[in-house]
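Taken together, the values in this text are just the output of simple stated rules run on the coordinates, not laboratory data. Because the structure is predicted, anything quoted here is derived from the model rather than measured. Every residue, glycine as well, gets a Cβ built from its backbone with ideal geometry; the counts of neighbours run over all protein chains shown.
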Amino acid sequence: MANSPSGLNNMAPQFKLMVDLLRDTMRQDFGKNGSIFINDTAAHVDEYYAIQGISAAGVDVSGCTFASGMEDFDADFVIPNGAIIYGHFSKITLTGGSCIAYKK
């Protein structure tokens, strides 16, 4: 059957690549790659794509590592409760509050 999971092995390579990319994107978008609850001021090192403020998460910019292309992040800022910022982060440090950081 073309629509069955076992039929995925017989797809054209281009279609399989698109399906794999979509699957990876959906996994990331829904947090299935994991997340970490941060409520301290220690540096947390991993690959993250989103940070959700839980309790006025103050981001210590000097303790963070942002990917190239994220410019002018030169002042600490607060992520309000429930707000989500997206980007490419490899190290997150808070000044206070708490957040959930979603892994890539």
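The table below gives the values:
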| quantity | calculated |
| --- | --- |
| Cα-based convex hull volume of region 35-103 per residue, rounded to whole Å³ | 68 Å³ |
| Ranked by how many other beta carbons lie within 10 Å on average, peptides 13-24, 85-96 from highest | 85-96, 13-24 |
| Efficiency of FRET from Cβ geometry, Lys16 and Ala43, R₀ 30 Å, rounded to 0.05 | 0.20 |
| Cross-link partners of Lys103 among lysines (Cα-Cα below 16 Å; sequence separation of 8 or more within a chain) | Lys32, Lys91 |
